[in-house]
Amino acid sequence: MEFLRPRTWNEAVAVKAAHPEALALAGGTDVMVELNFDRTRPASLLDLTGVDDLAHWALDGDVLRLGAGVTYSRVVDELGFALPGLATASRTVGSPQIRNRGTIAGNLGSASPAGDAHPALLAAGAEVEVESVRGVRHVPVAEFFAGPKRHVLEPDELIKAILVRPASGPQEFAKIGTRNAMVIAVCSFGLALHPHARRVGTGIGSAAATPRRALDAERFVSEELDWQGRGPLPDGVARRFGELVAHAAEPIDDGRGTARYRVHALAVMARRTLGWAWAAYRKG
Amino acid sequence: MRVSVTVNGTQRQVDDVWEGESLLYVLRERMGLPGSKNACEQGECGSCTVYLDGVSVCACLVAAGQAAGRDVRTVEGLAADDGAHALREAFVEAGAVQCGFCTPGLIVAAHDLLERVPRPDDAEIREALAGNLCRCTGYEQILDAVRRAAERTVG
Ligand SMILES: Cc1cc2nc3c(=O)[nH]c(=O)nc-3n(C[C@H](O)[C@H](O)[C@H](O)COP(=O)(O)OP(=O)(O)OC[C@H]3O[C@@H](n4cnc5c(N)ncnc54)[C@H](O)[C@@H]3O)c2cc1C
Ligand code: FES
Ligand code: FES
């Protein structure tokens, strides 16, 4: 095995082009488990923690650029205001030790249907900035996942950053697990109000082959809400929204829960998160 | 490969490190620092908790090569630290140590908490120690120990 340790982003991209088989290594909270248990033996490891620039975030015009090296802890500590949905999701990840090391980009790289960042990124309408020696492209998070634990990155590509607009309205994240810490979601749900566009964004986790949006639910609720007058939630809207979210899921039975339970729980989480977010919006 | 890393203030160099090897393995098996424990090797138990550049992490999930050029502080490196001393005494007094396997990881995690939040409430203590498993005590004594240590260090 080779241990490749670029010091700059350009070097990292060049190394990935020369070693397309190299496995990128960020916080290691997924990769090292695979290595420790002999489940994977990549020809080489491409450590990205030596690229200092990656661990930064900054506002770039009206978009927030979250470098691929930014950890959950940094999001919790520094971005609670700008990205409340992602920060709430980040607080539920693993333990302090895992959050101190694990990155949002690594969550995308693992592309688990249960990854906690995904519903929040979907609801916020985030894009993944992907780079190779061939150039840069931007992939909406909704198009990033190709199947369970699969994504659309080419072998020579790396995630450089996640691009997301700072919240212009309330955002919520809800997760079902067997306890409060250290759990993979049984299922999860992210919701973001985008008052300027009069649109509601959603993200469903761990209830389909990939994380996904609930498009019909988004369209329905975006039209029903009294954005201008900030009036109360119209009768039955939250319930119908929950049904449509549940409808968008295609869960399976597995060790963590049954498909039936997941559908039920999603409807409840969708209803509740909409209620919380709308109440916050009405207060202004 | 060769890995150079500062451990507990001393520059150390080890050779013939396998590229996929964890920092935990290097500390325990190559540097003779068995304080950090190895139980799960998957980030679940926290018994391998160390500081990496001042941030608490599971040493089993850090590749040795990622620690190169960085600063590692293990439970051994907390021997002369006042806060850790207060924690150790409080752990003994509160009965928070039975078999002791989880203790070094808990000392580092609790130390990290008290450095950031000198007077934590119970929710903060629980949250900070959520990544550390103990199979013996049932945790109440551990919470009690952290409370005692916090009272003492703040004075
Ligand atoms: C005890 C424990 C608890 C956990 N709890 C949770 C939880 O509650 N919720 C949750 O969602 N996850 C959880 N995880 C999983 C893991 O922590 C997350 O998926 C984390 O986001 C992975 O990030 P990382 O930086 O550690 O990635 P790594 O392990 O370094 O990499 C993960 C994958 O992403 C790829 N990758 C990393 N960076 C890049 C890049 N810049 N470009 C391209 N590919 C890249 C890697 O090649 C690899 O395939 C847990 C893991 C452990 C061990
Ligand atoms: S041995 Fe590292 S967390 Fe269990
Ligand atoms: S005292 Fe035995 S595991 Fe905690």
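Details
- Candidates A:Gly67, A:Gly85, A:Gly109, A:Gly80 - the one that is away from ligand 3 (no atom under 16 Å from the Cβ), away from every other protein chain (no Cβ under 14 Å) and either surrounded by fewer than 19 Cβ atoms within 10 Å (Cβ to Cβ) or aliphatic (A, V, I, L, M) (or both): A:Gly80
- Sole exception among (1) without any contact (Cβ under 8 Å) to a residue 12 or more places away in the chain; (2) more than 12 Å from every other protein chain (Cβ to nearest Cβ); (3) acidic (Asp, Glu) for A:Asp62, by number: (1)
- Every listed requirement among (1) of a type outside the set (Lys, Arg); (2) closer than 23 Å to A:Ala87 by Cβ; (3) surrounded by 14 or more Cβ atoms within 10 Å (Cβ to Cβ) is met by A:Leu158 save one, (2).
- Condition met for B:Ala79 (within 16 Å of ligand 2 (Cβ to nearest atom) and either over 26 Å from A:Arg74 (Cα atoms) or among the aromatic types (Phe, Trp, Tyr) (or both)): no
- Verdict on A:Leu23 being touching a strand residue (DSSP E or B) at 6+ places or on another chain (Cβ under 9 Å) and either within 16 Å of ligand 2 (Cβ to nearest atom) or within 20 Å of B:Arg70 (Cα to Cα) (or both): no
- Candidates B:Arg126, B:Arg135 - the one that is under 26 Å from A:Arg91 (Cβ atoms) and either within 16 Å of ligand 1 (Cβ to nearest atom) or not assigned by TED's automatic domain parsing to the domain that holds B:Gly32 (or both): B:Arg126
- Where A:Arg150 falls short, out of the listed (1) over 30 Å from B:Ile125 (Cβ atoms); (2) away from ligand 1 (no atom under 14 Å from the Cβ): (2)
- Condition met for A:Thr40 (within 12 Å of chain B (Cβ to nearest Cβ) and more than 24 Å from B:Arg70 (Cα to Cα)): yes
- For segment B:87-96, filtering for residues that are surrounded by 21 or more Cβ atoms within 10 Å (Cβ to Cβ) and either within 16 Å of ligand 1 (Cβ to nearest atom) or farther than 21 Å from B:Tyr51 by Cα (or both) leaves 2.
- For segment B:45-67, the count of residues that are assigned to a loop (DSSP other than H, G, I, E, B), in contact with a strand residue (DSSP E or B) (Cβ under 8 Å, 6 or more places away or on another chain) and more than 16 Å from ligand 1 (Cβ to nearest atom) is at least one.
The values are calculated or read from the model by the stated rules, or taken from the named source; none is laboratory data. Just so you know, these numbers come straight off a predicted model, no measurement behind them. Using ideal geometry, Cβ is built from the backbone for each residue, glycine included, and neighbour counts are taken over all protein chains shown.
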